[in-house]
Amino acid sequence: MKNQQLTVLLLGGARRVSLAELLIRSGKRIGYKVNIVSYDLSEEVPISIVGKVIKGLRWNDPGVVDDIERVVKEYEVNIILPFVNGAIEIASICKDKMPDVFVPVTDFDTASKLFDKVEAAKVFKEAGLPIPRTYSVLSAQMPAIAKPRKGGSSRGIHIFNNMEEFMHLQNLQNYLVQEYIPNCKEYTVDCYISSKGEILTSVPRERIEIMGGESTRTRTCRNEFLEKLSKEVIEKFSLRGPVNLQFLHDIDADRYLLMEVNPRLGGGVICSIYAGAPITDYIINEALGIELSPCNDWASGTLMARYFKEAIFYEKD
């Protein structure tokens with residue numbers, strides 16, 4: 001790495017200003033200047049406050065990987081990190097196609113299954129992992145929740161209290177339908193797994209307040225059961241790099257259920273990092289070949305509360 005510089009390419013990093021700042025700080029601690037480049041559909045996104053924004057193609061565009069490869073060469077990119085679900089599969093392709101770039105993601109086949117909620121539910125069940133009861137059209141029981149099989153940020157979710165409402169949902173094949181559990185708590189477990197498969201950190205946190213599918217108020221918590229279950233999930237799917245696992249605690253039945261596996265950094269990971277889990281340090285250090293040490297002494301009870309901050313753009317002459 002010449003001149004002690006690293007360039008990190010964020011795929012869909014539009015709003016991840018805090019995470020970019022932590023990556024820059026992690027590099028600075030070991031004497032590296034970290035440059036941030038983000039690949040997004042618009043140049044007018046908040047990440048431009050701390051880095052360069054490249055207006056790119058949609059994740060389903062046939063030319064997107066070649067376009068990212070162009071960006072990698074032009075900006076001498078050292079690390080690629082996906083930040084939205086659609087970019088995970090793209091990052092895994094880049095990992096195979098660009099061996100000189102550090103891309104801490106799981107393999108393409110696994111990423112593809114996890115991105116599709118219907119396929120993910122099947123592989124979770126086949127692996128013997130606890131999930132909510134999953135319904136077909138004929139077996140559905142009320143109340144039920146229907147989630148688009150692809151996509152995220154809680155968009156397009158429907159909750160049904162009776163069959164009449166349920167049968168009005170069009171294109172049912174495009175949804176995952178499961179039991180709806182109203183009395184529950186939601187948890188995320190932020191993890192980092194080395195390229196050798198070692199789980200270096202695993203931090204559960206309760207999702208106290210959620211907006212647009214993302215935690216705006218979250219608190220770290222010691223939960224041995226969730227940490228053990230997360231380890232099982234990671235090992236069954238050979239996950240690598242930063243991962244966030246979504247769980248639901250059914251309070252009435254006192255059971256923990258796996259909801260989603262996202263092999264990428266989650267928005268609320270900031271809380272786990274400030275609690276002491278050195279996830280951005282792991283990314284920078286592993287890219288440089290520096291030996292990594294496990295971390296389990298993060299602070300339980302660390303609360304993160306988010307607020308809005310504006311990025312202003314003026315019309316160009």
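The values are calculated or read from the model by the stated rules, or taken from the named source; none is laboratory data. Just so it is clear, the model here is predicted, and its values are computed rather than measured. Positions of Cβ are generated from backbone atoms using ideal geometry, with glycine treated the same way; all protein chains shown enter the neighbour counts. Surface areas here come from the heavy atoms of the whole protein model, side chains and all, with no ligands, DNA or RNA. Shrake-Rupley method; radii C 1.70, N 1.55, O 1.52, S 1.80 Å.
When restricted to residues that are in contact with a Phe, Trp or Tyr (Cβ under 8 Å, 6 or more places away or on another chain) and either free of Cβ contacts under 8 Å to residues at least 40 places away in the same chain or not β-branched (Val, Ile, Thr) (or both), the stretch 105-116 contains 1. Considering only residues in the stretch 7-18 that are within 13 Å of the chain's Cα centre (by Cα) and open to solvent by 10 Å² or more (accessible area, probe 1.4 Å), the one that is farthest from Asp281 (Cα to Cα) turns out to be Gly12.
Quick one: count up the residues across the stretch 178-215 that are at pLDDT below 90 and either open to solvent by 50 Å² or more (accessible area, probe 1.4 Å) or not acidic (Asp, Glu) (or both).
Qualifying residue count, the stretch 178-215: 5.
Residue count for the stretch 233-273 under the criterion of being over 20 Å from Arg133 (Cβ atoms) and surrounded by fewer than 19 Cβ atoms within 10 Å (Cβ to Cβ): the result is 3.
Does Gly63 satisfy being crowded, with 24+ Cβ neighbours inside 10 Å and modelled with pLDDT of 95 or more? No: the conditions fail for Gly63.
A single entry from Glu164, Glu126, Glu89 fulfils the requirement of being among the acidic types (Asp, Glu) and touching a Ser or Thr at 6+ places or on another chain (Cβ under 8 Å): Glu89. Take the conditions surrounded by fewer than 20 Cβ atoms within 10 Å (Cβ to Cβ) and more than 18 Å from Pro104 (Cα to Cα) and apply them to Ile30. Does it pass? Taking the combined requirement at face value, the residue satisfies it.
Can you confirm whether the stretch 156-173 contains a residue that is at pLDDT below 90, touching an Asp or Glu at 6+ places or on another chain (Cβ under 7 Å) and under 16 Å from Gln246 (Cβ atoms)? Checked against the condition, which is being at pLDDT below 90, touching an Asp or Glu at 6+ places or on another chain (Cβ under 7 Å) and under 16 Å from Gln246 (Cβ atoms), the stretch 156-173 yields no hits at all. When Leu239 is tested against the conditions (1) within 17 Å of the chain's Cα centre (by Cα); (2) more than 27 Å from Gly156 (Cβ to Cβ), the lone failure is (2). When residues in the stretch 70-86 are screened for being at pLDDT 95 or above, part of a helix (DSSP H, G or I) and surrounded by 16 or more Cβ atoms within 10 Å (Cβ to Cβ), 2 of them pass.
When we screen Ser202, Ser230, Ser215 for residues that are among the polar types (S, T, N, Q), in contact with a strand residue (DSSP E or B) (Cβ under 8 Å, 6 or more places away or on another chain) and part of a helix (DSSP H, G or I), the only hit is Ser230.
Please determine whether any residue of the stretch 162-177 is within 20 Å of Ala120 (Cα to Cα), open to solvent by 20 Å² or more (accessible area, probe 1.4 Å) and acidic (Asp, Glu). No: the stretch 162-177 contains no residue that is within 20 Å of Ala120 (Cα to Cα), open to solvent by 20 Å² or more (accessible area, probe 1.4 Å) and acidic (Asp, Glu).
Residue-by-condition table, conditions (1) open to solvent by less than 60 Å² (accessible area, probe 1.4 Å); (2) more than 19 Å from the chain's Cα centre (by Cα); (3) closer than 28 Å to Arg58 by Cα:
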position: Ser92; (1), (2), (3): yes, no, yes
position: Met98; (1), (2), (3): yes, yes, yes
position: Thr106; (1), (2), (3): yes, no, yes
position: Thr110; (1), (2), (3): yes, no, yes
position: Lys113; (1), (2), (3): no, no, yes
position: Val118; (1), (2), (3): yes, no, yes
position: Val123; (1), (2), (3): yes, no, yes
position: Pro130; (1), (2), (3): yes, yes, no
position: Leu138; (1), (2), (3): no, yes, no
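Of all residues in the stretch 25-59, those being acidic (Asp, Glu) and closer than 11 Å to Ile284 by Cβ number 0. For the stretch 159-175, how many residues meet the condition of being in contact with a Pro (Cβ under 9 Å, 6 or more places away or on another chain) and part of a helix (DSSP H, G or I)? Here the count works out to 1.
The set of residues in the stretch 280-298 being in a loop (DSSP other than H, G, I, E, B) and within 19 Å of Ile270 (Cα to Cα) consists of Pro294, Cys295, Asn296, Asp297, Trp298.
Does Val203 satisfy the criteria of being touching a Pro at 6+ places or on another chain (Cβ under 9 Å) and closer than 24 Å to Ile284 by Cβ? When the stated conditions are applied, Val203 does not pass them. Figure legend. Inter-residue proximity from the stretch 263-275: first residues touching a residue at least 24 places away in the same chain (Cβ under 8 Å) and farther than 17 Å from Leu303 by Cβ, second residues open to solvent by 10 Å² or more (accessible area, probe 1.4 Å) and assigned to a loop (DSSP other than H, G, I, E, B), beta-carbon distance below 8 Å, spacing 6+ or different chains. Indicated pairs: Pro263/Arg240; Arg264/Val84; Leu265/Arg16.
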